[in-house]
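Working notes, beginning with the structure itself.
The values are calculated or read from the model by the stated rules, or taken from the named source; none is laboratory data. Remember, predicted model here, so these are calculated numbers, not experimental data. Cβ: placed from backbone, ideal geometry, glycine included. Neighbour counts: every protein chain shown. These area figures cover heavy atoms from the full protein model, side chains too; ligands, DNA and RNA do not enter into them. Shrake-Rupley method; radii C 1.70, N 1.55, O 1.52, S 1.80 Å.
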Amino acid sequence: QEILVKSLDKELKFKLSTDQVLLKEAEVVADRAEAIRRATQALETVGLAERGRDRVRALSGGQARRVEIARSLIHRPALLLADEPTGNLDPRLAAEIMGVFEDINRLGTSVLMALGALGNLVVEKKE
């Protein structure tokens, strides 16, 4: 399976709205209609469906991290690699991001993370 690595210019990313960032990513792998569908679905998966029109610079640190995760979901990976996805986030936001990864895993994508010190991160296991 092909591995895609793509990065938007940092300055450009902050000028775009969240849905524009995802749409640019999706157009790499699909026609416009499918790109819109994938971008919308990715925002819903990470809990940002209502923030699609907001500029990335207007988002909180945790929300911006979710946009990064959504960008990767557009490619429908079987395996999602995350290098310190909770780095530089406070414990509450880190727990939220871990919850996003749990949701992604429940939807069928395997998630492999490299984590530094877990610090105050507490992830509750639900039975």
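Would you check which residues across the stretch 45-85 are within 16 Å of Glu96 (Cβ to Cβ) and loosely packed, with under 13 Cβ neighbours inside 10 Å and list them? Explain how you work it out, then say what you get.
Quick first cut of the stretch 45-85, residues within 16 Å of Glu96 (Cβ to Cβ) only: 45-51, 59-70, 82, 84-85.
Answer for the stretch 45-85, where residues must be within 16 Å of Glu96 (Cβ to Cβ) and loosely packed, with under 13 Cβ neighbours inside 10 Å: Glu50, Ser60, Gly61, Glu84.
Somewhere in the stretch 75-95, is a residue touching a helix residue (DSSP H, G or I) at 6+ places or on another chain (Cβ under 7 Å), among the acidic types (Asp, Glu) and in a loop (DSSP other than H, G, I, E, B)?
no
Output the qualifying pairs, or none if there are none: Cβ atoms under 6 angstrom, residues six or more apart or on different chains, first residue in the stretch 47-61 and within 18 Å of Ile36 (Cβ to Cβ), second residue acidic (Asp, Glu) and not in a loop (DSSP other than H, G, I, E, B).
Pairs found: Gly52/Asp19.
Going through Leu12, Leu59, Leu80 one at a time, which residue ends up being modelled with pLDDT of 85 or more and aliphatic (A, V, I, L, M)? Step through it out loud before you land on a result.
Numbers: Leu12 fails: modelled with pLDDT of 85 or more; Leu59 fails: modelled with pLDDT of 85 or more.
Within the list Leu12, Leu59, Leu80, the selection yields Leu80.
How many residues, within the stretch 98-118, are in a helix (DSSP H, G or I) and open to solvent by 40 Å² or more (accessible area, probe 1.4 Å)? Don't jump to the end; show me each part of the working.
To start, the set of residues in the stretch 98-118 that are in a helix (DSSP H, G or I) comprises 98-106.
Next, only the ones that are open to solvent by 40 Å² or more (accessible area, probe 1.4 Å) stay: 102-103, 105-106.
Counting residues in the stretch 98-118 that are in a helix (DSSP H, G or I) and open to solvent by 40 Å² or more (accessible area, probe 1.4 Å) gives 4.
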